Amino acid sequence: MDSVEMMKKKIGFLYRQHPEVHVNIALKRPRQRLTNLPVVIKAVYPHVFQLEDQSSGKPKVYMHQYNDLVTGEIEILELAAVRTKKPV
C-alpha cells in the first residue's frame, strides 16, 4: 500500500471516529501558514478531504489532497500523536 492510500485510510478513520483535529498548514501556493488550528474533518472524497475552521466565528472551508499530507504541507497533529503510539 502506498503512502497516499495509507493517508486516505487514516483520514477516513479520523473522520468516522474523531473528526475534531488540529492542523499545521504550510502551503507555498497559495501562501498559507497556520499553526495548531482546530478544525473539523467535514468530508472525505476519493482524491481530496475537506476541513472546516470555525475559530474566527465564520466557517472557512479548506479542500486538500491526501498528497499534501505525504509531502508535509499539512500535518494533522492527531495523526502524529497516533504515529508515536501505534499505527492506525
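The values are calculated or read from the model by the stated rules, or taken from the named source; none is laboratory data. None of these values were measured; they are calculated from a predicted model. With ideal geometry, Cβ positions are generated from the backbone for all residues, glycine too; neighbour counts draw on all protein chains shown.
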Inset, instruction - Can you work out which of the residues in segment 33-51 that are loosely packed, with under 12 Cβ neighbours inside 10 Å and farther than 22 Å from GLU5 by Cβ is farthest from the chain's Cα centre (by Cα)? - result: ARG33
Inset, instruction - Working only within segment 1-25, note down all residues that are within 12 Å of the chain's Cα centre (by Cα), within 13 Å of VAL70 (Cα to Cα) and outside any helix (DSSP H, G or I). - result: ILE25
Legend entry - Filter result (of a type in the set (Gly, Ala, Ser) and either in a strand (DSSP E or B) or within 17 Å of GLU75 (Cα to Cα) (or both)) within segment 43-57: ALA43
Inset, instruction - Answer yes or no: is there a residue in segment 52-68 that is modelled with pLDDT of 90 or more, surrounded by 14 or more Cβ atoms within 10 Å (Cβ to Cβ) and among the hydrophobic types (A, V, I, L, M, F, W, C). - result: no
Inset, instruction - Mind counting the residues in segment 50-68 that are closer than 14 Å to HIS22 by Cβ and of a type in the set (A, V, I, L, M, F, W, C)? - result: 1
Legend entry - Evaluation of ARG29 against (1) within 12 Å of the chain's Cα centre (by Cα); (2) without any contact (Cβ under 8 Å) to a residue 24 or more places away in the chain; (3) not in a strand (DSSP E or B) (one fails), failing number: (1)
